[in-house]
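Undergrad: Sending over a structure as structure tokens; questions will come in a sec.
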2 protein chains.
Amino acid sequence: MANPILEFTPPPRLLLGPGPSMVHSRVLRAMATPLLGHLDPTFLQLMDDVQQLLRNVFRTANRFTIAVSGTGSAGMEAALVNLIEPGDPVVVGVNGLFGARMAAIVERCGGKLFRVEAPWGKIIEPDNILKTLSQSGPMKIVALVHAETSTGVSQPLEEIGTLCRDHGCLLVVDTVTSLGGLPVEVDGWGIDACYSATQKCLSCPPGLAPLTLSERALTVIRNRKTPCQSWYLDLSLLADYWTEGKRAYHHTAPISMLYALREALRLVEEEGLAARFARHRLNSAALMAGLTALGLSPLARNGPRLPSLNCVTLPAHVQDAPVRASLLQEFGIEIGGGLGALQGKVWRIGLMGESSTRSNVLTLLSSLEKIFLRRGWIARAGIALEAASQLYLSQSQGTHTEAPAPTHA
Amino acid sequence: MANPILEFTPPPRLLLGPGPSMVHSRVLRAMATPLLGHLDPTFLQLMDDVQQLLRNVFRTANRFTIAVSGTGSAGMEAALVNLIEPGDPVVVGVNGLFGARMAAIVERCGGKLFRVEAPWGKIIEPDNILKTLSQSGPMKIVALVHAETSTGVSQPLEEIGTLCRDHGCLLVVDTVTSLGGLPVEVDGWGIDACYSATQKCLSCPPGLAPLTLSERALTVIRNRKTPCQSWYLDLSLLADYWTEGKRAYHHTAPISMLYALREALRLVEEEGLAARFARHRLNSAALMAGLTALGLSPLARNGPRLPSLNCVTLPAHVQDAPVRASLLQEFGIEIGGGLGALQGKVWRIGLMGESSTRSNVLTLLSSLEKIFLRRGWIARAGIALEAASQLYLSQSQGTHTEAPAPTHA
């Protein structure tokens, strides 16, 4: 026998990576609530609550608004494999890892892929989508990542939603790193299928993928000529489980995760979306001011960037791995490294949900200052903290009201 | 706005349905543990622990032993869609709902399906598998349900494992309702792909599907000519995330669920498999003695039946829905009704993991007695409790040692 496996006690961690984010104690307590059966009338009521709360955060009236029993990537796969039949033409915007993942899934389920690319760190230009829609024949779907977690780029969507309506195709959007942290307007922007994940700006543990479908998308799924390749992610079957009055058994829902999501969404409602978005913007601006003082610069330099995922380029003298190792081992702080071609070249710092606080921004900047000072990369302590403080001060004196920590904290 | 959504407090429930089962307080506490990042060194160590503990309960040395990020049905889909390429001939034993689900998934992923059927409540006869293997040309896979949750039948596997080796095909087995409650011998029986679920005999909340693959199965997956249709469930990609030294990012693991599974598996180890199986057998025998006294009889009358899922036929005068409604509303006890053609005709009573205790057996029988007495279906109170007590007494005096409640309880 190997060594006995003892009780698990994780070391304390400040989670400022690309997810999971910090989880509120109320949500952790919800996770520990005794279970109900997945067909218990009280549990079915809880599913209704989750649907209502998800509609509010997605800003949609879509009847079909559920939580898929898997992580964010399961939501991506569910959205695509249900809408695509073999041979269907699909445009995918690829400007980062998660756009590339969408493209891979389109190919695996037999879609005819049309890539619209942009360099990592840039948005997909609406004009390039238009060009493909105009020149490559009718398309069934345009799929885009709203919040590209690999680059920190925030993709504008409103104009593309209009293009999709004009060209009679469906718009599928990945909001894994935006939902609950910056505006997502499913109905307002004309999104037909939108999915997210629980462990980012919603600050719930990972394990569920919120997903909403417009009536147009649902009709496309209901009228498929071939069955969806996946039984587990078949949204027409899931619709019958999530619909009041039907409740046809499909699979056993991850009950505790739904308890947690309900509580996390209640916290979002208590804070209010506008205040929550302002908090994310403010803390991100302060972090970026501090990082700039340390010589780092946003990868999305000239375009819209995410307040939830701050992707910064390292100057040549700043080493990636040793600094992240020090942050984790000495300070208990997790930040993310670069993915793919950006490995070693950028950091991805998440300020999502409960992780987006002034205290966390200052703690991280102070820790980075110590490491940078010790390595001789900066000459004096305090420069990053000063820059962040000035930003906070300017915002509280300016036209913006200061966004405090979440009111429920 | 609709009514405000208030704090959720579930009513007390004794879970004696087909899953989820009761969850130990240590596992609930594990669910509420603060999160680590999914690439944190401490979390990767926890993944190693889970793998080791799962190998012990699966009784396998398989290197590839993981928890799939979905419920049991995701484990079923993962096992099948990774092993099957379009056109591959696959034998599926269908004698209940979950065999039928396997067959549906085989068809959705393009396999050529050969059904070997038996009536619901009967086992799949090894001779019928042999006949198909001998007469219908070479097969790639034989897929069977070890513990048919819709009927309570326990499928013998050892002989079929030998048949599969002799005929050069892989054996895929569903142990959703057996793993941790009755013997499952992955290596001993020659099983190549075996999956389960957390919320049954392992007594963990639902949300993960333990899965193990033999080297033979892994080689088949590594040598596929076409990519697996699913990206989310692609086991060759998951292998790189779960392998020490590789840890290639695939998707964000459901961290809290893995905390819980680790703790649930520790409880299994503390009790010991032999004691745990004896406990499941004893409590099931006592329950069945009591139910027989009430006029109910096992659906699997003449064959091996599951101690974890007790499926009993109702006499004509016993109404299904009103009794289950009374059990839930008056007594807070959940049991399961029949699925498919058995709806209204059987009950499915789970005694799985933490739910399998003498106290729960007596509580359920006492509650049923009250309902049956009130409706005039029995003449006096105590008959079911007496039968169960006698069974417990006879077992404690006989050659079997009495299996107490779990030692950690």
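Undergrad: Can you work out which of the residues in the range B:230-248 that are assigned to a loop (DSSP other than H, G, I, E, B) and surrounded by 14 or more Cβ atoms within 10 Å (Cβ to Cβ) is farthest from the other protein chains (Cβ to nearest Cβ)?
TA: Checking each candidate, the answer is B:THR243.
Undergrad: Here's a follow-up. At least 2 residues that are crowded, with 24+ Cβ neighbours inside 10 Å and not hydrophobic (A, V, I, L, M, F, W, C) in each: list the helices (runs of 4 or more DSSP H) lying fully within the range A:25-93 that qualify.
TA: A:72-83
Undergrad: Now for a separate question. Report, by residue number, each residue of the range A:305-357 that is closer than 25 Å to A:LEU282 by Cα, in a loop (DSSP other than H, G, I, E, B) and within 14 Å of chain B (Cβ to nearest Cβ).
TA: A:GLY332, A:ILE335, A:GLY338, A:MET352
Residue-by-condition table, conditions (1) of a type outside the set (Val, Ile, Thr); (2) out of contact with any Lys or Arg (no Cβ under 8 Å at 6 or more places or on another chain); (3) in a helix (DSSP H, G or I); (4) closer than 19 Å to B:ASN82 by Cα:
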site: B:GLY110; (1), (2), (3), (4): yes, yes, no, yes
site: B:PHE114; (1), (2), (3), (4): yes, yes, no, yes
site: B:LYS122; (1), (2), (3), (4): yes, yes, no, no
site: B:ASN128; (1), (2), (3), (4): yes, yes, yes, no
site: B:THR151; (1), (2), (3), (4): no, yes, no, no
site: B:PRO156; (1), (2), (3), (4): yes, yes, no, no
site: B:LEU163; (1), (2), (3), (4): yes, yes, yes, no
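Undergrad: Only residues in the range B:17-37 that are more than 7 Å from chain A (Cβ to nearest Cβ) count as the first member; pair them with residues that are of a type in the set (Val, Ile, Thr) and surrounded by fewer than 24 Cβ atoms within 10 Å (Cβ to Cβ), Cβ under 9 angstrom, at least 6 apart or cross-chain, and list the lot.
TA: B:PRO18/B:ILE335; B:MET22/B:THR357
Undergrad: May I pose another question? Working only within the range B:249-293, note down all residues that are at the interface with another protein chain (Cβ under 10 Å from one of its Cβ atoms), out of contact with any Gly (no Cβ under 8 Å at 6 or more places or on another chain) and part of a loop (DSSP other than H, G, I, E, B).
TA: B:TYR249, B:HIS250, B:ALA253
Undergrad: When residues of the range B:195-223 are filtered for being part of a loop (DSSP other than H, G, I, E, B) and within 12 Å of chain A (Cβ to nearest Cβ), how many remain?
TA: Of the residues in the range B:195-223, 10 are part of a loop (DSSP other than H, G, I, E, B) and within 12 Å of chain A (Cβ to nearest Cβ).
Undergrad: Another question, then. So B:THR407 clears everything in (1) farther than 30 Å from B:LEU261 by Cβ; (2) polar (S, T, N, Q); (3) at pLDDT below 95; (4) surrounded by fewer than 17 Cβ atoms within 10 Å (Cβ to Cβ) except one condition, right? Which one?
TA: So the condition that B:THR407 fails would be (1).
Undergrad: The conditions are (1) surrounded by 22 or more Cβ atoms within 10 Å (Cβ to Cβ); (2) within 14 Å of chain A (Cβ to nearest Cβ); (3) not in a helix (DSSP H, G or I); (4) not acidic (Asp, Glu), and B:PRO227 fails exactly one of them. Which is it?
TA: Tallying (1) surrounded by 22 or more Cβ atoms within 10 Å (Cβ to Cβ); (2) within 14 Å of chain A (Cβ to nearest Cβ); (3) not in a helix (DSSP H, G or I); (4) not acidic (Asp, Glu), B:PRO227 fails exactly one: (1).
Undergrad: Let me ask another. When you look at B:ARG101, is it closer than 24 Å to B:THR151 by Cα and either of a type in the set (D, E, K, R) or surrounded by fewer than 22 Cβ atoms within 10 Å (Cβ to Cβ) (or both), yes or no?
TA: Considered against the rule, which asks whether it is closer than 24 Å to B:THR151 by Cα and either of a type in the set (D, E, K, R) or surrounded by fewer than 22 Cβ atoms within 10 Å (Cβ to Cβ) (or both), B:ARG101 comes out as yes.
Undergrad: State whether one or more residues within the range A:46-66 are outside the structural domain of A:ASN302 (by TED's automatic domain parsing), under 30 Å from B:PRO86 (Cβ atoms) and touching an Asp or Glu at 6+ places or on another chain (Cβ under 6 Å).
TA: no
Undergrad: Let me ask something additional. Can you name the residue in the range A:266-295 that is surrounded by 22 or more Cβ atoms within 10 Å (Cβ to Cβ) and in contact with a strand residue (DSSP E or B) (Cβ under 9 Å, 6 or more places away or on another chain) and is also nearest to A:HIS24 (Cα to Cα) among such residues?
TA: A:SER284
The values are calculated or read from the model by the stated rules, or taken from the named source; none is laboratory data. Since this is a predicted model, take the numbers as computed values, not measurements. Cβ sites come from the backbone with ideal geometry, for glycine too, and all protein chains shown count toward neighbours.
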